[in-house]
Amino acid sequence: QVRLVESGGGWVQPGGSLRLSCAASVGSFGAYALAWYRQAPGKQRELVASITSEGITNYADSAKGRFTISRDNAKNTGYLQLNSLNPEDTAVYYCNLGFSVIDYWGQGTQVTVYS
């Protein structure tokens, strides 16, 4: 059974940084597109960043210049580096793996930016 486990969330002050990890128990991890989404209270889930199997990245406007998505296929792990955090970044962050019609989600990790 495929399992995605996010970690690295927590509490941080504005301007701070966090590094989220997504460990996947899945074969052929490198063949999947990896994405990070987030959902703030009372809001819809939104795409933050994605990286294809070829390493092509894409970012939401709110993430450009502050967040960096990466992956280590040898470790079956994806990452999201969060820098210059502000209170608007407070949300549950979810990892997603996708390939054709296949779609896997993690349970999420909470990021709280407080002042």
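A few notes on this one:
- Residue in the range 90-101 that is in contact (Cβ under 8 Å) with a residue 60 or more places away in the chain and open to solvent by 60 Å² or more (accessible area, probe 1.4 Å) present: yes
- Taken over the range 37-67, the residue count meeting the criterion of being open to solvent by less than 70 Å² (accessible area, probe 1.4 Å) and part of a strand (DSSP E or B) is 11.
- Search result, residues across the range 11-34 that are open to solvent by less than 50 Å² (accessible area, probe 1.4 Å), within 13 Å of Gln81 (Cα to Cα) and in contact (Cβ under 8 Å) with a residue 60 or more places away in the chain: Gly16, Leu18, Leu20, Cys22
- Restricting attention to the range 6-36, the residues that are out of contact with any Ser or Thr (no Cβ under 8 Å at 6 or more places or on another chain) and part of a strand (DSSP E or B) total 3.
- Condition check for Thr68: touching a Cys at 6+ places or on another chain (Cβ under 8 Å) and over 18 Å from Trp11 (Cα atoms): no
The values are calculated or read from the model by the stated rules, or taken from the named source; none is laboratory data. What you see is a predicted model, and the numbers here were worked out from it, not measured in a lab. Heads up, the Cβs are rebuilt from the backbone with ideal geometry, glycines too, and the neighbour counts pull from every protein chain shown. SASA here: full protein model, heavy atoms, side chains in, ligands and nucleic acids out. Shrake-Rupley method; radii C 1.70, N 1.55, O 1.52, S 1.80 Å.
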